[in-house]
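Below is one structure, written out as structure tokens; comments come after it.
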Ligand code: SAM
């Protein structure tokens, strides 16, 4: 729920067509049902559905005092993958609790991907919301999307790596992905074609630890999910 959808302490009114459809088609909600509801950026509570029509749903709320699940202390730096993969990756990593995402350009990122309609702010927002809803989370991740961001030239990535432990996921690296780390980190994942050797050298020289996930080469979205599951 957006804060403005809560009309006074105990009444929420929802008119967004997508979420109305979701209520009807996914939850098969009926008047009298009690659903878990969260307010954007805030707590989670229970709402009893009092009215459900084609253009409106009304709930009476029972507290919004359960905090959202804790975030993952990882800044994901992801080379821009193909748009369909980006959409799924954003949804998965948001559901897993990532709150900082930077999309970057590397040598093997297809330039046309930067023109994709999937990069429109409302599209990105949509995928983040799907991830939050899935995980019963309410805190929106921050997505840094600078089309011309060339991490190895403009210095911002090395700066980021001075602040946190950097982990570079790249097949064939000497060290296996650590399990259960307990400190914030920056996780770098390459594009479909991978990082080129020069980029790997630059990232290692900037202080990243190279890590691998075993002998199988995984798709970007699978690799990101597996890495996060291993790390935290
Ligand atoms: N041919 C590319 C290569 O060998 O680097 C494959 C790239 S893979 C499809 C896309 C990204 O997922 C990689 O750049 C890496 O960040 C991550 N990845 C996939 N499989 C991995 C593995 N076994 N170990 C570490 N990272 C992996």
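FYI, it's all coordinate maths here, none of it is from the lab. In this text, all values refer to a predicted model and were calculated from it rather than measured experimentally. Note: ideal-geometry Cβ built from the backbone for every residue, glycine included; neighbour counts use all protein chains shown.
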Equivalent-ellipsoid semi-axes of the stretch 3-66, from the Cα gyration tensor, Å, largest first: 18, 12, 11
Beta bridges by DSSP in the stretch 1-127, antiparallel share as percent, to the nearest 5: 75 percent
Sites residue 48 and residue 122, calculated FRET efficiency, Cβ-Cβ separation with R0 30 Å, nearest 0.05: 0.45
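What do you get for Rg/Rh of the chain when both radii come from the Cα atoms and Rh is the Kirkwood radius?
1.04
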Of 34, 186, 109, the one that fluctuates the most in a GNM where the chain has Cα springs shorter than 10 Å: 34
Alpha-carbon centroid distance for the pair the stretch 1-43 / the stretch 78-110, whole angstrom: 28 Å
Chain lengthening between residue 40 and residue 134 when straightened (0.36 nm per residue, less Cα-Cα): 32.5 nm
DSSP bridge pairs, the chain: antiparallel proportion in percent, nearest 5: 40 percent
Rg and Dmax of the stretch 38-132, Cα atoms only, in Å: 17.2, 54
Between 0 and 90°, nearest 10: helix 220-231 axis offset from the chain longest Cα axis: 90 degrees
GNM top mover of 138, 60, 102 - the chain, alpha-carbon springs below 10 Å: 60
The chain: calculated mean residue ellipticity at 222 nm from DSSP helix runs of at least 4, using -39500 (n - 2.57): -8500 deg cm²/dmol
Within a Gaussian network of the chain (alpha carbon springs, distance under 10 Å), most fluctuating of 90, 52, 61: 52
Gyration tensor verdict on the stretch 70-181 (Cα atoms; rounded if a/c is under 1.5, prolate if a/b is larger than b/c, oblate otherwise): oblate
